[in-house]
1. Being within 19 Å of Ala77 (Cα to Cα), charged (D, E, K, R) and touching a helix residue (DSSP H, G or I) at 6+ places or on another chain (Cβ under 7 Å) narrows it down to one residue among Arg25, Arg12; which is it?
2. Among residues belonging to the range 23-56 that are over 18 Å from Leu71 (Cα atoms) and not β-branched (Val, Ile, Thr), point out the one that is surrounded by the most Cβ atoms within 10 Å (Cβ to Cβ).
3. Would you check which residues across the range 1-60 are hydroxyl-bearing (Ser, Thr, Tyr) and either assigned to a strand (DSSP E or B) or modelled with pLDDT under 90 (or both) and list them?
4. Are any residues in the range 68-86 surrounded by 12 or more Cβ atoms within 10 Å (Cβ to Cβ) and aliphatic (A, V, I, L, M), and if so, which ones?
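The values are calculated or read from the model by the stated rules, or taken from the named source; none is laboratory data. No experiment lies behind these values; they were computed from the predicted model shown. Note: ideal-geometry Cβ built from the backbone for every residue, glycine included; neighbour counts use all protein chains shown.
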Amino acid sequence: MTSESAPEFPARWEHFPHVADVGVRGFGPTPAAAFEQAALALTAAVTDPATVRPLAAVSLSCAANDLEMLLAEWLNALIYEMATRK
């Protein structure tokens, strides 16, 4: 018996024009991977992600009724942490 593996879906991110500022998209094989990529896109809108170094773990907590709203809550939590921690 052979099993077919899921097609590769590389994680990546992108920016796109948005009337409010800049839009970010995250792509990945799972919602968690896509959210991680969206966080990288957000970071890249502010600074070069290659220059960011982890200094401390930061716990975030988000809740929403669907993935679209959860992504918005996640990005807002990241923006808050970026702004308050510099």
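1. Details: Arg12 fails: within 19 Å of Ala77 (Cα to Cα).
Being within 19 Å of Ala77 (Cα to Cα), charged (D, E, K, R) and touching a helix residue (DSSP H, G or I) at 6+ places or on another chain (Cβ under 7 Å) holds for just one of Arg25, Arg12, which is Arg25.
2. Among those residues, the one meeting the criterion is Pro49.
3. First pass over the range 1-60, keeping only residues hydroxyl-bearing (Ser, Thr, Tyr): 2-3, 5, 30, 43, 47, 51, 59.
Residues satisfying the conditions are Thr2, Ser3, Ser5.
4. The answer is Met69, Leu70, Leu71, Ala72, Leu75, Ala77, Leu78, Ile79, Met82.
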